[in-house]
1. Arrange 34, 60 by Cβ neighbour counts within 10 Å, fewest through most, would you?
2. Provide the gained length on full extension for the span residue 49 to residue 11, in nm with one decimal, where the gain is 0.36 nm per separating residue minus the Cα-Cα distance.
3. Take every Cα pair under 8 Å in segment 80-155 that's 6+ residues apart, average their separations, divide by the length, and report that relative contact order as a whole percent.
4. Quick one: helix 116-128 against the long Cα principal axis of the chain, what's the angle to the nearest 10°, folded into 0 to 90?
5. Just round it to a whole percent: the fraction of Cα-Cα distances in segment 1-78 exceeding 18 Å.
6. What are the ³J(HN,Hα) couplings of segment 83-93, residue after residue, when phi is run through the Karplus curve with 6.51, -1.76, 1.60 and θ = phi - 60°? Round to Hz, x for glycine and proline.
7. Please rank 68, 38, 30, fewest neighbouring Cβ atoms within 10 Å first, as an exposure proxy.
8. As a footprinting exposure proxy, order 104, 89 by other Cβ within 10 Å, with the fewest listed first.
Amino acid sequence: MRVAVVMGSDSDWPVMQKAVEILQEFGVEHAVTIASAHRTPEKLARFVRAEEEAGAAVFIAGAGAAAHLPGVVASLTEKPVIGVPLAASLGGLDALLAIVQMPSGMPVATVAIGGAKNAALLAVQIGAVRDENLAAAFHAYRQRQAAGVEEKDERLQRERKA
Ligand code: RP5
């Protein structure tokens with residue numbers, strides 16, 4: 001499975017790198033680039049075309065402010081697009097609304113403001129539908145997560161007794 005990650009600016013990277021960390025953790029082949037729907041539309045179109053040819057199954061697009069990037073990526077590909085609203089202005093509410101309010105017939109799966117980690121996990125889940133190894137890795141991830149909650153609860157109960 002291959003995932004293509006694009007963001008509108010280098011200022012998006014501190015958040016978007018959390019998506020890349022998850023893809024690395026799951027051993028998912030990926031590409032990352034900065035390309036803007038407004039500032040570099042032709043570069044964006046070239047990236048989407050190149051990634052389709054390279055076999056990308058899912059696109060993750062992160063942008064802030066007038067966040068048209070995920071929607072424009074969706075207009076350029078028939079692969080699923082996951083949009084990550086980023087808090088570049090107005091706490092990210094502008095980007096959230098811009099990304100989530102896609103016109104009928106043109107979906108973008110939108111995660112929370114700053115939700116780059118969940119975007120990558122969702123991409124992994126999409127890939128896991130047809131990849132048993134990825135499905136097993138995701139199952140193990142969920143089990144580790146549940147075990148972590150149990151540990152926190154046990155610690156809380158111990159502290160309350162002390
Ligand atoms: C958006 O504008 C980018 O995705 C970024 O979140 C925001 C601000 O960009 P810079 O001015 O930091 O380059 O297009």
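1. Details: 34 18, 60 30.
Exposure proxy ranking, most exposed first: 34, 60.
2. Details: separation 38, 0.36 × 38 = 13.68 nm, distance 2.43 nm.
11.3 nm is the gain from fully extending residue 49 to residue 11.
3. Values: 71 pairs, mean separation 19.5, N = 76.
Value for segment 80-155: 26 percent.
4. Value to nearest ten degrees: 90.
5. Working: 1017 of 3003 pairs.
Counting pairs separated by more than 18 Å, the tail of P(r) holds 34 percent.
6. For segment 83-93, the Karplus-derived couplings read x, 10, x, 10, 8, 7, 7, 6, x, x, 5 Hz, x marking Gly and Pro.
7. Working: 68 19, 38 13, 30 22.
Fewest-to-most Cβ neighbours within 10 Å comes out as 38, 68, 30.
8. Numbers: 104 5, 89 13.
With the sparsest Cβ surroundings first, the list reads 104, 89.
We did not get these values from a lab; they are worked out from the coordinates using the rules stated. What you see is a predicted model, and the numbers here were worked out from it, not measured in a lab. Cβ: placed from backbone, ideal geometry, glycine included. Neighbour counts: every protein chain shown.
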